[in-house]
Amino acid sequence: MIRTLTGVMFGAAVAAATLATGTGVASAAEEVNIYSLRQPFLIEPLLKAFTEKTGIKTNVVFAKEGVVERMKAEGANSPADVILTVDIGRLNDAVEAGVIQPVKSKTLEANIPASFRDPEGRWFALTQRARLIYTSKERVKPGEITSYEDLADPKWKDRICTRSGKHDYNVALLAAMIAHHGEAKAEEWLKGLKSNLATKPKGGDRDQVKAVKQGECDVAIGNSYYYGAMLSNPEQKPWADAVDLVFPTIGGTKGTHVNVSGVALTRSAPNRDNGVKLIEFLSSDQAQEIYAEANNEYPVNPTVKWSPMLESWGRFTPDDTQLTAIAELRSAAVKMVDRVGYDG
Ligand code: FE
């Protein structure tokens, strides 16, 4: 599903810009073209701030999926300069499809810690999202569950709800478990977790928290920002109010599994310099604060202040497993989910 933000057809706007360049006339309007798998409510305030700061116009195509396929089909003629997406897996897919180009930038190197960017500059993480355990305030005591490993303990039989094991978020978590424990132990863990499920995996992360509220289960797995989203939604607030947040540890470390959202410069980028400017802007304090305010995501830029909402959930230690290692273990994780019949 692709739709344009402005009334102007995206392709037409790009064609006009190409024409202006083709006649040797300097392009009247500086612009940058974005393919975004991230939602309008989050991206629009960021792009507005970027345009206010730089005068560069933004054209954005919002999509739910298929961006890499679209870019492959468009090839060298793709109008996209920048892609915005969630999940290390999808960033990695874009790299492997050959549709992006590396960026070398002192600004990006200063703003984004090395563990949150590709060593070759082919992708940059912009926000962190922690994968949390949500526990029933009524039926689970604080401290009863502290690690992802605990989820496989038979004491939780028929008490846990999760979304599909094949969703990117759970695939990355399982990949992190494989990184810490090796395949055999991770598979044992996944079997244990499956046997503790109260129902077949279905719905999204928030549906699992709703199920806790409704008494269908006592423990759920979900990303951190959904807690903020539920608190600010009158229908969903009772779900959030019914649970405590646990920042689980992994592999006997102090770390909690985190995934990222991120950005990459396309190989075809007709407005390369503006694309780089946009990526640099998204790593700035101003943009990182917008991510935290609009969607309760953690900044990757360590100098950025956390929003009061994020602070109220408490500080935590992110697992330091390299994101590239998690990306590499994703296919092993997906196969494991099938072997275990997790969704069945
Ligand atoms: Fe999400």
**Complete:** When the charge dipole of region 230-279 is computed with +1 on Lys and Arg Cβ and -1 on Asp and Glu Cβ about the Cα centre, the Cα farthest towards its positive end, among 233, 274, 249, belongs to 274
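Please compute the Kirkwood hydrodynamic radius over region 52-160, one decimal place, Å, based on all pairs of different Cα atoms. Before the final figure, lay out each step's value.
Values: mean 1/r = 0.0559 Å⁻¹.
One over the average 1/r among Cα pairs gives 17.9 Å for region 52-160.
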**Request:** Leaving ligands, DNA and RNA out of it, report the carbon-plus-sulfur percent of the accessible area of the chain at a 1.4 Å probe.
**Result:** 53
**Request:** Pop out the ³J(HN,Hα) list for region 182-198 in order, Karplus 6.51 cos²θ - 1.76 cosθ + 1.60 with θ = phi - 60°, rounded to Hz; leave Gly and Pro as x.
**Result:** x, 5, 4, 5, 5, 5, 4, 4, 5, 4, x, 5, 4, 6, 8, 5, 7
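Using the 2.2 N^0.38 Å rule of thumb for compact globular proteins, work out how region 40-80 stacks up: its C-alpha Rg over that value, please. Walk me through the intermediate numbers first.
Values: Rg = 12.7 Å, N = 41, 2.2 N^0.38 = 9.0 Å.
Normalised Rg, Cα atoms only: 1.41.
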**Request:** Please work out the Cα center distance from region 322-344 to region 281-298, rounded to the nearest Å.
**Result:** 30
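What does the extension gain come out to for residue 202 and residue 245, with contour length at 0.36 nm per residue minus their alpha carbon separation? Show your work: numbers first, answer last.
On the way: separation 43, 0.36 × 43 = 15.48 nm, distance 2.10 nm.
Answer, rounded to one decimal: 13.4 nm.
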**Item:** For residue 266, residues with placed amide H under 5 Å, excluding near neighbours
**Value:** 82, 83, 101
**Request:** Rank 85, 303, 162 by mean-square fluctuation in a GNM of the chain with C-alpha springs under 10 angstrom and give only the top-ranked residue.
**Result:** 303
**Asked** Taking a quarter of the surface of the Cα convex hull of the chain, what do you get in nm²?
**Response** 17.4
**Item:** GNM top mover of 248, 302, 270 - the chain, alpha-carbon springs below 10 Å
**Value:** 302
**Request:** Starting from the Kirkwood radius over alpha-carbon pairs of region 178-275, derive D by Stokes-Einstein at 37 °C in a medium of 0.692 mPa s and give it in µm² s⁻¹.
**Result:** 198
**Prompt:** From the backbone phi of region 269-281, what are the Karplus-calculated ³J(HN,Hα) couplings (6.51 cos²θ - 1.76 cosθ + 1.60, θ = phi - 60°) in whole Hz, Gly and Pro given as x?
**Reply:** 2, x, 10, 3, 4, 5, x, 5, 4, 5, 4, 4, 4
**Request:** Identify which of 66, 165, 89 has the largest mean-square fluctuation in a Gaussian network model of the chain, with springs joining Cα atoms closer than 10 Å.
**Result:** 66
**Cβ charges +1 (Lys, Arg) and -1 (Asp, Glu), total dipole of the chain, debye** = 380
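Taking a probe of 1.4 Å, how large is the accessible area per residue of region 35-144, in Å²?
Solvent-accessible surface per residue comes out at 44 Å².
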**Å² per residue, accessible surface of region 173-267 at 1.4 Å** = 38
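Which length gain, in nm to one decimal place, applies between residue 72 and residue 41 when the Cα-Cα distance is subtracted from 0.36 nm times their residue separation?
Working: separation 31, 0.36 × 31 = 11.16 nm, distance 2.72 nm.
Going from the current span to full extension adds 8.4 nm.
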**Complete:** Rounded to the nearest 10 degrees, the helix 330-340 long axis (Cα) sits at an angle to the longest Cα principal axis of the chain of 40
**Item:** Descending Cα extents along the principal axes, region 96-205, whole Å
**Value:** 50, 29, 27
**Asked** Over all Cα pairs of region 204-344, how is the pair count split among 10 Å bins, expressed in % and running from 0 up to the last occupied bin?
**Response** 9, 28, 35, 21, 5, 0
**Item:** Two-site FRET efficiency, residue 231 against residue 96, from Cβ-Cβ distance with R₀ of 25 Å, rounded to 0.05
**Value:** 0.10
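The values are calculated or read from the model by the stated rules, or taken from the named source; none is laboratory data. Keep in mind that what you see is a predicted model, and the values were worked out from it rather than measured. Every residue, glycine among them, receives a Cβ derived from its backbone with ideal geometry; neighbour counts consider all protein chains shown. Protein only, heavy atoms only, side chains kept; ligands, DNA and RNA dropped before computing areas. Shrake-Rupley method; radii C 1.70, N 1.55, O 1.52, S 1.80 Å.
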